[in-house]
Amino acid sequence: MKEITELNFPEDIRYSKDHEWGKSIDGKVRMGISDYAQDQLGEIVFVELPEVGDIFQKGEECGTLESVKAVSELYMPVGGAVISVNSQLEDSPDLVNSEPYGSGWIIDVAPSDASEMDELMDRDRYMEELKGIEP
Amino acid sequence: MRYFPHTSEDIAAMLKVVGADTLNDLFSTIPEDCRRKEGLSLPEAMTEWDLNRHMRELSRDMAVCPDYKIYLGAGSYEHYIPASVSYLLERSEFSTAYTPYQPEISQGTLQAMYEYQTLVTRLLGLDVANASMYDGASALAEAFKMSFNIKRKKKRVAISGLVNPLYRRVVETYFAPTEYRVVALPYCKNGTTDLSAIGEIEELAAVAVQSPNFFGCIEDLQSAAEAAHKKDALFIACFTEPLAYGLLKDPGCQGADIACGEGQSFGIPQSFGGPGLGMFAVKTDYVRKMPGRLVGRTRDVDGKEGFVLTLATREQHIRREKATSNICSNQGLCALTAAMYLAATGGVGIRDLAGLNRDKTEYLKERLGEAGLKVAFEAPTFNEFVVAFPESFAAKHEELIEKKIVAGLPLVSYYPELAHHYLLCVTETKTRDDLDALVAEITS
């Protein structure tokens with residue numbers, strides 16, 4: 001596993017305490033997991049995606065990520081309806097490891113409350129949060 | 001391994017957590033008349049001579065094959081067990097093995113499980129089989145549980161009224177305390193499941209049909225699968241007599257998403273009803289939702305072939321409360337028995353054996369028909385069928401037990417509308433003479 005300083009945290013997205021990220025694009029929110037989360041999980045071998053049309057609350061479980069050693073749940077950074085899922089992950093789950101902010105995105109959500117994005121952390125606060133986790 | 005029982009402090013602490021005052025409170029869900037109120041009153045210890053005499057006397061109360069001619073199936077079948085199977089099972093490498101906790105060190109055990117899984121998928125026509133479950137009934141309940149996990153928003157499943165009644169009770173027990181509901185499908189006049197109600201059931205996650213069913217009749221699994229899939233529900237093919245698939249079209253090619261049931265027929269003695277073997281196979285699409293352990297074949301860093309437990313992230317020791325099932329054990333020895341039995345019998349042997357069961361059963365059916373008795377249902381059968389006897393047969397049935405013949409299972413306690421109907425089973429263990437003698441006794 002890498003040092004936090006070696007990981008990549010873009011400025012233009014927001015982060016949740018559960019290590020998901022959200023990015024507003026034309027009224028929808030694209031979500032995925034942070035570089036820290038993928039690094040902790042290790043080689044991801046399977047992503048269980050929700051179905052388009054599923055509606056979840058903020059913080060609710062919306063899928064699972066399975067790595068070689070563990071399975072962890074995916075939580076919604078903001079509440080809303082799933083409008084598309086990254087079906088490329090069915091055959092190439094490793095994209096979550098190699099490009100967590102790019103082609104490794106997980107779902108697009110139509111947010112039910114746009115202000116929930118503001119409750120997420122920016123890059124600096126998220127990095128401070130991570131430093132609190134690391135020994 | 002040393003055994004440490006719970007201390008009274010342990011018990012008190014655990015009771016406090018679950019909110020029960022006493023141990024009796026904890027057991028309150030067990031029906032009152034099934035619970036012993038006073039302590040065990042055990043007799044004085046016996047000498048070896050006395051004990052042997054005592055056990056012999058006890059065994060006289062029981063009808064055991066081959067001393068008795070037993071025409072009972074209904075979920076537990078008398079089949080010939082090849083000597084090679086019994087011999088191999090007695091080898092200590094096999095008989096002492098348990099589900100391995102440090103699995104990869106036990107390559108032999110894992111390979112045996114892998115072979116078992118392969119044989120099960122071939123027999124049932126599906127992609128992946130697990131390393132086995134406790135028995136047919138719990139396998140079916142787990143199949144329903146798995147269906148609810150896959151069809152997440154649906155709350156109902158349908159079960160054929162011709163699934164073994166004891167399996168249906170186990171399923172009820174699983175789901176009674178939950179929000180999920182189990183809907184029973186009625187049966188048609190010809191002795192198969194009435195599928196017409198499936199279309200009407202809302203929120204349907206799965207449909208389960210047993211074939212051959214409890215009346216011995218062969219079900220049209222393909223139509224049942226189509227009806228289930230039309231409702232976006234999974235189709236579960238259940239069985240108590242897997243030998244039938246030596247002859248019949250397998251569940252996979254008829255559209256089953258899950259096939260599960262009892263594997264006792266494959267070399268496992270009847271032993272008063274247990275232990276059994278829960279066989280469980282699924283389509284690859286659903287493998288991550290499948291309960292139970294799974295052995296895979298792989299290569300190590302040096303390119304050597306080896307066997308590993310795979311997809312263990314579904315299981316309880318890793319996923320905790322989010323596991324696909326509470327079961328993370330298997331029936332290692334019974335699964336191994338089935339693998340040995342299937343390997344010893346072979347593909348051609350299984351077909352021949354299944355044919356023999358079917359032919360002998362047809363012979364008895366015909367002879368009883370000639371004697372003026374009525375086979376209750378028209379649908380084709382495998383090695384069991386139902387006969388509608390005249391009312392006077394109850395006394396005859398008793399009388400025959402005195403003559404060491406058990407002439408079928410009275411169905412009235414399971415199906416009150418079927419008074420004087422008996423379920424008869426014929427396997428390869430009965431000779432033509434046996435069958436002729438049975439007909440002569442019944443018609444005398």
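The values are calculated or read from the model by the stated rules, or taken from the named source; none is laboratory data. Being a predicted model, the structure only gives us computed values, none of them experimental. So basically every Cβ, Gly included, is an ideal-geometry build from the backbone, and we count neighbours across all protein chains shown.
Observations on the structure shown:
- Among the candidates A:Val82, A:Val52, the residue that is under 27 Å from B:Thr324 (Cβ atoms), touching an Asp or Glu at 6+ places or on another chain (Cβ under 7 Å) and more than 11 Å from chain B (Cβ to nearest Cβ) is uniquely A:Val82.
- Test: A:Glu99 is over 13 Å from A:Ser24 (Cα atoms) and out of contact with any Phe, Trp or Tyr (no Cβ under 8 Å at 6 or more places or on another chain): yes
- Residues of the stretch B:269-310 satisfying the condition of being surrounded by 14 or more Cβ atoms within 10 Å (Cβ to Cβ), in contact with a Lys or Arg (Cβ under 9 Å, 6 or more places away or on another chain), away from chain A (no Cβ under 14 Å) and in a strand (DSSP E or B): B:Val282, B:Gly306, B:Phe307
- Hits in the stretch A:102-125 - residues which are closer than 14 Å to A:Gly32 by Cβ and surrounded by 19 or more Cβ atoms within 10 Å (Cβ to Cβ): A:Gly104, A:Trp105, A:Ile106, A:Ile107, A:Asp108, A:Val109, A:Leu120
- Helices (runs of 4 or more DSSP H) contained entirely in the stretch B:18-112, each with at least 2 residues that are modelled with pLDDT of 95 or more and under 30 Å from B:Leu400 (Cα atoms): B:48-59
- Residue in the stretch B:362-371 that is within 26 Å of the chain's Cα centre (by Cα) and under 16 Å from B:Pro212 (Cα atoms) present: yes
- Qualifying residue in the stretch B:324-333 (condition: in contact with a helix residue (DSSP H, G or I) (Cβ under 6 Å, 6 or more places away or on another chain) and at pLDDT 95 or above): no
- A:Asp39 satisfies every condition listed in (1) within 14 Å of chain B (Cβ to nearest Cβ); (2) more than 19 Å from B:Asp285 (Cβ to Cβ); (3) in contact with a helix residue (DSSP H, G or I) (Cβ under 9 Å, 6 or more places away or on another chain); (4) of a type in the set (Asp, Glu) except (1).
- Against the list (1) closer than 20 Å to A:Leu7 by Cα; (2) within 14 Å of another protein chain (Cβ to nearest Cβ); (3) of a type in the set (S, T, N, Q), the condition A:Asn97 fails is (2).
- Filtered by the rule that a residue be in contact with a strand residue (DSSP E or B) (Cβ under 9 Å, 6 or more places away or on another chain) and among the charged types (D, E, K, R), the stretch A:116-133 gives A:Glu116, A:Asp118, A:Glu119, A:Asp122, A:Arg123, A:Arg125, A:Glu128, A:Glu129.
- When the stretch A:56-78 is filtered for residues that are more than 20 Å from A:Asp39 (Cα to Cα), surrounded by fewer than 19 Cβ atoms within 10 Å (Cβ to Cβ) and within 12 Å of chain B (Cβ to nearest Cβ), only A:Glu61 remains.
- Residue in the stretch B:311-329 that is within 14 Å of chain A (Cβ to nearest Cβ), aliphatic (A, V, I, L, M) and touching a residue at least 24 places away in the same chain (Cβ under 8 Å) present: yes
- Those strands (runs of 3 or more DSSP E) of the stretch A:1-110 in which 2 or more residues are among the charged types (D, E, K, R) and under 21 Å from B:Ile318 (Cα atoms) occupy A:61-67.
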